[in-house]
1. Hey, could you check region 1-14 for residues that are assigned to a helix (DSSP H, G or I) and not hydroxyl-bearing (Ser, Thr, Tyr) and say which is farthest from Asp97 (Cα to Cα)?
2. On the basis of being in a loop (DSSP other than H, G, I, E, B) and either touching a residue at least 40 places away in the same chain (Cβ under 8 Å) or surrounded by fewer than 11 Cβ atoms within 10 Å (Cβ to Cβ) (or both), does Leu44 make the cut?
3. Residue check: is Lys73 surrounded by fewer than 17 Cβ atoms within 10 Å (Cβ to Cβ), within 20 Å of Arg39 (Cβ to Cβ), free of Cβ contacts under 8 Å to residues at least 24 places away in the same chain and assigned by TED's automatic domain parsing to the domain that holds Asn126?
4. Conditions first: (1) among the small types (Gly, Ala, Ser); (2) part of a loop (DSSP other than H, G, I, E, B); (3) buried (at least 16 other Cβ atoms within 10 Å of the Cβ). Ser56 passes all but one, so which condition is the exception?
5. If only one of Tyr29, Tyr17, Tyr83 is touching a helix residue (DSSP H, G or I) at 6+ places or on another chain (Cβ under 7 Å), aromatic (Phe, Trp, Tyr) and either assigned to a helix (DSSP H, G or I) or over 30 Å from Trp142 (Cα atoms) (or both), which one is it?
6. How about region 104-160: which of its residues are closer than 30 Å to Arg48 by Cα and acidic (Asp, Glu)?
Amino acid sequence: MSVPGPLHQKMRIYHRYLGFFLLGIMAVYSISGIIMVFRDTDFLKYERSIHKQAESGLDAEKLGKALGIRNLKVVRQEADKIYFENGTYDVATGQADYKVKEYPKPIEKMTKLHKAKSAEPLFFMNIFFGLSLLFFVISSFWMFMPDTSVFRKGMYFMLAGIILMVIMMLV
């Protein structure tokens, strides 16, 4: 059996302490990732009523923009009222009443962090986290010496994981 070299020891140390450092963010990403799988359902969401004063006389397209509702679908329209999914709009007065389903604030914050875009202030955290996960992948090869049975078994598990990912990407 070979003796671990300095690179081997350093990779193990970096792997260990980066893991401890990222413990909180990994928990947030895992929880929000699981919750986001169900984002097309009402899982953990609550209903909130909104009463908003908009311009009067808006058509469906302009109403959607004014209310901040993407793809607003009009269900029916009467003389002075527009009925859309989960709400109404009074054309004469501009009063809109509708309901939205939202996550509680802590969950909303977690999912927002998870979906951060380059225009948002914390996007660098997503990049740092992604690079850290890539480091974990690479540094895991230094966790055990290559001539040990644990390392060889790990290679079989790695191969199985790669095959599973290829299958999942093809489905």
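The values are calculated or read from the model by the stated rules, or taken from the named source; none is laboratory data. Remember, it's a predicted structure, so these values are computed and weren't measured experimentally. Here the Cβ positions follow ideal geometry from the backbone for every residue, glycine too, while neighbour counts run over all protein chains shown.
1. Filtering region 1-14 for residues assigned to a helix (DSSP H, G or I) gives 6-14.
From the residues that got through so far, the ones that are not hydroxyl-bearing (Ser, Thr, Tyr) too are 6-13.
Values: Pro6: 66, Leu7: 63, His8: 63, Gln9: 63, Lys10: 60, Met11: 58, Arg12: 58, Ile13: 57 Å.
If we take residues in region 1-14 being assigned to a helix (DSSP H, G or I) and not hydroxyl-bearing (Ser, Thr, Tyr), then Pro6 is farthest from Asp97 (Cα to Cα).
2. For Leu44, the condition - in a loop (DSSP other than H, G, I, E, B) and either touching a residue at least 40 places away in the same chain (Cβ under 8 Å) or surrounded by fewer than 11 Cβ atoms within 10 Å (Cβ to Cβ) (or both) - is met.
3. Answer is no for this residue.
4. The one condition Ser56 does not meet is (3).
5. Matching residue, one of Tyr29, Tyr17, Tyr83: Tyr29.
6. Those that are closer than 30 Å to Arg48 by Cα and acidic (Asp, Glu): Glu108, Glu120.
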